[in-house]
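A.B. asks: Shown below is the structure under consideration.
The values are calculated or read from the model by the stated rules, or taken from the named source; none is laboratory data. All values reported here derive from a predicted model rather than from experimental measurement. Using ideal geometry, Cβ is built from the backbone for each residue, glycine included, and neighbour counts are taken over all protein chains shown. Please note that ligands, DNA and RNA were not included when accessible areas were found on the heavy atoms of the full protein model with its side chains. Shrake-Rupley method; radii C 1.70, N 1.55, O 1.52, S 1.80 Å.
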Amino acid sequence: MAASSRAQVLRLYRALLRESQRFSCYGYRTYAIRRIKDAFRENKNITDSEKIEELLNKAKANLQVIQRQVTIGQMYATEKLIIEYPEDIQPRKASDPETTLAHLQHPIVPPRTETAPRTETAHVHI
């Protein structure tokens, strides 16, 4: 592979990865990055200049698709997933009393204070 062709491939590879990082949706972002890396790794040993040119054109078309999808995704942004939050926000440890299974199953409910007497109602199942 010629030096200029190699530089062009690397430039395109970086552009695809950089643009894929802009996906607002975690799933799309990770999928696109994984597919880009896999495709370039799969085709790294190709030496036929026609095949390289064909793959470069396909990658350029895919870059345009990613750019359009990123723009559309930014118009319809959704909430972040828990996996996307910074690492400094740590979940509580299981040993904390507030996160034990018993606490989740049987939360502590303060006693009710009523002024009127509570009446029981019968539930009839038909």
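A.B. asks: Can you tell me which condition residue 31 does not meet? The list is (1) surrounded by 15 or more Cβ atoms within 10 Å (Cβ to Cβ); (2) under 27 Å from residue 84 (Cα atoms), and all the others hold.
C.D. replies: In the conditions (1) surrounded by 15 or more Cβ atoms within 10 Å (Cβ to Cβ); (2) under 27 Å from residue 84 (Cα atoms), residue 31 misses (1) alone.
A.B. asks: Being aliphatic (A, V, I, L, M) and not in a helix (DSSP H, G or I) narrows it down to one of 46, 52, 36, so name that one.
C.D. replies: From the options 46, 52, 36, the qualifying one is 46.
A.B. asks: For the stretch 14-28: of the residues being closer than 14 Å to residue 62 by Cβ and in contact (Cβ under 8 Å) with a residue 40 or more places away in the chain, which is most open to solvent (accessible area, probe 1.4 Å)?
C.D. replies: If we take residues in the stretch 14-28 being closer than 14 Å to residue 62 by Cβ and in contact (Cβ under 8 Å) with a residue 40 or more places away in the chain, then 28 is most open to solvent (accessible area, probe 1.4 Å).
A.B. asks: While we're here: Within the stretch 44-54, can you find the residues that are of a type outside the set (Ser, Thr, Tyr) and open to solvent by 50 Å² or more (accessible area, probe 1.4 Å)?
C.D. replies: Across the stretch 44-54, the qualifying residues are 44, 45, 48, 50, 51, 53, 54.
A.B. asks: Suppose we filter 102, 59 for residues that are open to solvent by less than 100 Å² (accessible area, probe 1.4 Å), in a helix (DSSP H, G or I) and at pLDDT 60 or above; which single one remains?
C.D. replies: 59
A.B. asks: Checking the condition at pLDDT 95 or above and more than 17 Å from residue 9 (Cβ to Cβ), which residue from 74, 90, 67 passes?
C.D. replies: Going through 74, 90, 67 in turn, just one is at pLDDT 95 or above and more than 17 Å from residue 9 (Cβ to Cβ): 67.
A.B. asks: Just wondering, is there one or more residues in the stretch 37-45 that are polar (S, T, N, Q) and at pLDDT below 95?
C.D. replies: Among the residues of the stretch 37-45, at least one is polar (S, T, N, Q) and at pLDDT below 95, which makes the answer yes.
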